[in-house]
Amino acid sequence: MKFSVNNYSPSRDWIRIQTLDMHTGGEPLRVILDGFPELKGKNVLECRKYVKEHYDHLRTALMFEPRGHADMYGCIVVSSEVADFGVVFMHNEGYSTMCGHATIAITKLALESGWVAVEEPETSITIEAPCGILTASAQVKNGVAHHIRFLNVPSFVVALDEETEVPGVGKITYDLAYGGAFYAYVDAENLGLSCTPDNYQQLISTGMNIKRSVMRASNKVRHPFEEDLSFLYGTIFIGGPISEGVNSRNVCVFAEGEVDRSPTGSGVSGRVAIHHHRNELAMGESMRIESILGSTFTCKIVKTEKYGPYFAVIPEVSGEAYYTGKNEFWIDPNDPFNKGFILR
């Protein structure tokens, strides 16, 4: 027996939002394609502010349960005057300034959906993110994009070997760096932690305690040109490699306790800046960094430049993305949970 709901249609007063879902290295991306109200602004940063002020309830409806979950990630594609298109990133806490895994996924989608003219064997596009212009490239064969990579915005070290007191942990040492977003980087082994799924809850609680402590103690989280980018996005735990052929492992705890399933594109960008600053990574030399799941990004420095008061690097980050499905979400105005909720 076949069961069908093809004859069912939502009421006219319901909001209907169409999305395409993907993942990069296990980290989800819900691409909002149609049904979301138009965002006003001259650039992506202004669009980011506009959606925050006017449509944040739709972010929570699409990211939170019952349509999403505590670790859901999404983006809205917008038009751009300075790039092929723009992207506003969103998550359980609000709106991030940069997202590497989303950049890799949206590049695949753009090339395979005909948003831009595609040439084989390789096509490059530009994406306006809140942090700046990203150049992404992919090898294309028979309409399929793979070996996707992007050049990030200037990434730089803010401070090395800073100290702060963390409740329940004690005094810790961390590095502070920017890769499109600001992160505090800590050695997991020094805290008695391993970057593995069995430590998932401990990584979240410790990571959030570190993030809050650094936010209280440090006044160095300041972008040289844009105040809207001047906030600490998360904590990145660094551990030794578990899989063969990788250099190390990353676990990023960001936003309100989200754990990145991928190695974190903006996070590895800050890491290569740190390693270059310490003379541990030369120009053009690659690092392969794995996530809590064992998925990997390869990153390297393609050039250096002066960026305000900082000596910055331009990282290239590469990875692969995959499709998981298409959705049309319905938001019933009479549903008491239409704005979503989160339980951990």
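The values are calculated or read from the model by the stated rules, or taken from the named source; none is laboratory data. Here the structure is a predicted model, which means the values were calculated and not measured. Glycine gets a Cβ as well: all are built from the backbone with ideal geometry, and neighbour counts include every protein chain shown. Heavy atoms of the whole protein, side chains included, go into the accessibility calculation; ligands, DNA and RNA do not. Shrake-Rupley method; radii C 1.70, N 1.55, O 1.52, S 1.80 Å.
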Tell me which residues, restricted to region 273-318, are at positive phi and either open to solvent by less than 40 Å² (accessible area, probe 1.4 Å) or touching a residue at least 60 places away in the same chain (Cβ under 8 Å) (or both).
294, 308
Boolean, residue 136 is under 16 Å from residue 99 (Cβ atoms), touching a Lys or Arg at 6+ places or on another chain (Cβ under 8 Å) and modelled with pLDDT of 95 or more
yes
Residues satisfying the stated conditions in region 319-344, i.e. open to solvent by 90 Å² or more (accessible area, probe 1.4 Å), in a loop (DSSP other than H, G, I, E, B) and at pLDDT 95 or above
334, 336, 337, 339
Name the one entry in 93, 162 that is charged (D, E, K, R), open to solvent by 10 Å² or more (accessible area, probe 1.4 Å), touching a residue at least 40 places away in the same chain (Cβ under 8 Å) and part of a loop (DSSP other than H, G, I, E, B).
93
Name the residues in region 56-70 that are of a type in the set (Gly, Ala, Ser) and more than 13 Å from residue 36 (Cα to Cα), would you?
68, 70
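One line per residue, one yes/no per condition, for (1) small (Gly, Ala, Ser); (2) open to solvent by 70 Å² or more (accessible area, probe 1.4 Å); (3) touching an Asp or Glu at 6+ places or on another chain (Cβ under 9 Å); (4) within 15 Å of residue 163 (Cα to Cα):
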site: 183; (1), (2), (3), (4): no, no, yes, yes
site: 194; (1), (2), (3), (4): yes, no, no, no
site: 210; (1), (2), (3), (4): no, no, no, yes
site: 213; (1), (2), (3), (4): yes, no, yes, yes
Which of the residues belonging to region 20-50 are closer than 18 Å to residue 81 by Cβ and in contact (Cβ under 8 Å) with a residue 40 or more places away in the chain?
39, 43, 44, 45, 47, 48, 49
Can you tell me which condition residue 137 does not meet? The list is (1) in contact (Cβ under 8 Å) with a residue 40 or more places away in the chain; (2) touching a Leu at 6+ places or on another chain (Cβ under 9 Å), and all the others hold.
(1)
In region 139-156, how many residues are assigned to a strand (DSSP E or B), open to solvent by less than 20 Å² (accessible area, probe 1.4 Å) and not small (Gly, Ala, Ser)?
4
Unmet criterion (only one of (1) without any contact (Cβ under 8 Å) to a residue 12 or more places away in the chain; (2) in contact with a Lys or Arg (Cβ under 9 Å, 6 or more places away or on another chain)) for residue 227:
(2)
